[in-house]
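Below is one structure, written out as structure tokens; the observations come after it.
Since every read-out is calculated from the coordinates, none of them should be taken as a lab result. Worth saying up front: this structure is predicted, and the values here are computed from it rather than measured. Quick reminder, even Gly has a Cβ in these numbers, built from the backbone with ideal geometry, and neighbours come from all protein chains shown.
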Amino acid sequence: MSRVIKGGWHDGASAKTVTFDNGTLRATADSTPASVLIYGFSGTSLNIGAGGMVLDSNGFHTISSSVMSGVGGLTKEGNGTFTMNAANTYGGATLVSQGRLQAGIDNAFSATSVHTVAAGAALATGGFNQTVASLANAG
């Protein structure tokens with residue numbers, strides 16, 4: 001599944017639970033403080049299933065202010081930066097294959113996730129404290 005997002009992906013006021021499983025979320029514009037790519041989800045309402053989630057920043061600077069939980073992993077693709085502004089808890093591996101995965105708060109990177117950074121990509125703490133299960137960094 002591939003989903004093109006215009007204006008952001010959010011829960012709204014209905015407190016839904018969403019599981020993202022084996023698909024790609026691709027940005028179409030930069031995030032701003034008024035227009036965050038992923039927002040409004042709380043607790044465990046945004047789950048990454050066993051098939052994982054691919055986030056393609058597509059050359060843009062994108063932001064998530066929602067907690068991503070679940071058993072699956074996250075792959076960051078595309079040039080540009082994806083900033084995590086929530087303490088994520090998903091259990092699968094994190095792969096930064098392109099661009100930059102940036103922390104926007106303490107503990108934004110999932111502490112239980114194995115993090116791998118490909119050559120030419122970057123995992124950036126942004127000066128915030130992070131704990132990860134392990135780090136293989138070729139970036």
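Quick rundown of the values:
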| quantity | calculated |
| --- | --- |
| Dipole of the chain, positive end: most advanced residue of GLY127, VAL18, MET84 [Cβ charges, Cα centre] | VAL18 |
| Most fluctuating residue given options GLY23, GLY127, GLY59, as computed from a GNM of the chain linking Cα atoms under 10 Å | GLY127 |
| Förster-model FRET efficiency, 22 Å R0, VAL114 and ASP21, C-beta, rounded to 0.05 | 0.70 |
| Dipole of the chain [Lys/Arg +1, Asp/Glu -1 at C-beta], most positive-end residue of LEU101, SER69, VAL54 | VAL54 |
| The chain, dipole about Cα centre (Lys/Arg Cβ +1, Asp/Glu Cβ -1), debye to the nearest 20 | 140 |
